[in-house]
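Heads up: the structure comes next, in C-alpha cells.
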Amino acid sequence: MRAAAATVLVTVLVALLAGCHGADAAPDRPYADVAAALQANLDADPTGLYRNLEAVALTVDGRTVYQRYRRGFTSDTPADVDAVRTTVLSSLVGIALADGDLPGLDARLGDLLPHRRMPADVSAVTLRQLLGMTAGLMQDDAYAAQVADVPARERVAWVLTHGLVAEPGERFAYSGADTLLLTAVLEQATGRTVDAYAREKLYGPLGLTDRAGLTDRAGLTVHDLVTLGQLWLDRGTWYGRPLVPAAWVDAMSTQYVFTGTTEKFPGYGFAVWTDAAGGHPAIAAAGRGGQLVEVVPDLKLVAVFVSVLTPDTTAADLVGVAGATNYSDLVDVLIAPRLP
C-alpha cells in the first residue's frame, strides 16, 4: 500500500541555473542535498504522518529548488489553506493603515465599528489586540463550536455581543473570532468587501489566481502561496513595486506576544507566527491540518506545504496527521541547516 502510494507521487527537482550555465547544468549541490533529504524523509514516513500532504514547494532567492505533488494536485490547484489567510489579512491591514483608511493600531473597536452594538469591554478592544490575538475573545475551538449554527451574516454581531472571556491584552488565545472582527473592521474602513480589497491591493498586482479571495476557502494555489511568501521575504516589495509597507512587514513579523509554548511557534506578531529555523529567525503563516508558508529571511527561503483539508474535515480526521508544526520542524532541522 505504501509503495503504491509512493508511485503516484510526482516529484520535480528543478535545476538552478546561474550565470551562463546551460540547460544541462547540474543542480547546485546544496539544493540537491536538500531535495534528496526531504524526499527521503517524506517517502520513509513509517506511521503515515504525511498521508494528507498534497504539495511541497521550496524556493531560495525566488528560484524553485524543490516541488512535489500527489493525487493530481498541481501548483495551480486551488486549496483550502485555512488560517494562512489571516496573515494575508494582516498585510491588507498594513496597507489600509498606510493609506489612512485605518487610524492606528490603538484604535478601539467601538470607534472602528461605530454602527455596531457591543458592550463596553468589547468596545475597548484595540486593533493591535485583534492582530496579536490578545483581544480576550474565546479560543478557536470554542468559537468554532459555538458559531457553527449562527448564520454567516450574523456572526459579527454574535461575536460582539457575546462578550470577552479574558481581559484584553492579558494572554494569547488564537481565535477565528479575532479574524472575523478584523475582516469587519477592514471592510468598514475601506468601504469594500475584503475580497475586492485584496484583489485590488495584493492579488491583482501580484498576478494571483483570478478566483483567489480571503472568504473563498478554496481560493489560493501553491503558486499563490509561494508568491505571497516571496512578498513577505522581500518586505512587501514585488519586482521593485512596494505593495505592503516595509515597516508593516517588519512590525507584523516581530514577536508581539509569547504564545505559551517553548517549542514550535513560541511567538506571535500581527497575525504571523515567529520562530527559528536552523538557528535563523523565521516567520510563518499556518493553517489547520498542515498548511504552512514559512519564510527564513537569512536564507532567502520560502517553504510551502499544502495538505488535504475540506469543510467536512473534523478534529478526528486530523489525529495522527502532520500539522503545520510538523512541517515547520522539517524546515528547522532538515531544510534550513542544509542551505548555504
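The values are calculated or read from the model by the stated rules, or taken from the named source; none is laboratory data. Computed from a prediction, not measured in an experiment: that's the story for all the values here. Cβ placement follows ideal geometry from the backbone for every residue including glycine, while neighbour counts extend to all protein chains displayed.
Taking the condition over 20 Å from Gly132 (Cβ atoms), small (Gly, Ala, Ser) and crowded, with 21+ Cβ neighbours inside 10 Å, does Gly219 pass?
yes
Look through the range 213-227, keep the residues that are under 19 Å from Tyr69 (Cβ atoms) and aliphatic (A, V, I, L, M), and return whichever of them is modelled with the lowest pLDDT.
Ala218
Here is a list: Val319, Val333, Val293. Which entry is surrounded by 15 or more Cβ atoms within 10 Å (Cβ to Cβ) and of a type in the set (Val, Ile, Thr)?
Within the list Val319, Val333, Val293, the selection yields Val293.
If the Cβ limit is 7 Å and pairs must be 6+ apart or interchain, which residue in the range 43-61 that is of a type in the set (Ser, Thr, Tyr) pairs with which residue that is assigned to a strand (DSSP E or B)?
Final answer for the pair search is Thr59/Val65; Thr59/Val302.
Can you tell me how many residues in the range 296-316 are surrounded by 24 or more Cβ atoms within 10 Å (Cβ to Cβ) and of a type in the set (Val, Ile, Thr)?
4
Tally the residues that are surrounded by fewer than 19 Cβ atoms within 10 Å (Cβ to Cβ), modelled with pLDDT of 95 or more and in a loop (DSSP other than H, G, I, E, B), restricting the search to the range 246-264.
Number of matching residues: 2.
Which number in (1) in a helix (DSSP H, G or I); (2) touching a Lys or Arg at 6+ places or on another chain (Cβ under 9 Å) marks the one condition that Asp275 misses?
(1)
Quick check on my filter: what residues within the range 274-290 are buried (at least 24 other Cβ atoms within 10 Å of the Cβ), closer than 11 Å to Ser253 by Cβ and out of contact with any Gly (no Cβ under 9 Å at 6 or more places or on another chain)?
Ala282, Ala284
Among the numbered criteria (1) in contact with a strand residue (DSSP E or B) (Cβ under 7 Å, 6 or more places away or on another chain); (2) polar (S, T, N, Q); (3) modelled with pLDDT under 95, which one does Thr87 miss?
Among (1) in contact with a strand residue (DSSP E or B) (Cβ under 7 Å, 6 or more places away or on another chain); (2) polar (S, T, N, Q); (3) modelled with pLDDT under 95, the lone unmet condition for Thr87 is (3).
Would you check if Val147 is closer than 24 Å to Pro266 by Cβ, modelled with pLDDT under 95 and among the hydrophobic types (A, V, I, L, M, F, W, C)?
no
Run down Val56, Val60, Val88, Val65 and say which single residue is under 21 Å from the mean Cα position of the chain (by Cα) and under 22 Å from Thr193 (Cβ atoms).
Val88
Confirm whether Gly169 is modelled with pLDDT under 95 and either in a loop (DSSP other than H, G, I, E, B) or of a type in the set (Ser, Thr, Tyr) (or both).
In short, yes.
Given (1) over 21 Å from Val272 (Cβ atoms); (2) within 25 Å of the chain's Cα centre (by Cα), identify the lone condition not met by Leu127.
That leaves (1) as the condition not met.
Report yes if some residue within the range 315-324 is of a type outside the set (D, E, K, R), within 24 Å of Ser90 (Cα to Cα) and either assigned to a loop (DSSP other than H, G, I, E, B) or assigned by TED's automatic domain parsing to the domain that holds Pro266 (or both); otherwise report no.
Within the range 315-324, one or more residues are of a type outside the set (D, E, K, R), within 24 Å of Ser90 (Cα to Cα) and either assigned to a loop (DSSP other than H, G, I, E, B) or assigned by TED's automatic domain parsing to the domain that holds Pro266 (or both).
Quick grid of which residues meet (1) touching an Asp or Glu at 6+ places or on another chain (Cβ under 8 Å); (2) farther than 29 Å from Asp76 by Cβ:
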| site | (1), (2) |
| --- | --- |
| Thr237 | no, no |
| Val249 | no, no |
| Thr262 | no, yes |
| Pro266 | yes, yes |
| Phe270 | no, yes |
| Trp273 | no, no |
| His280 | yes, yes |
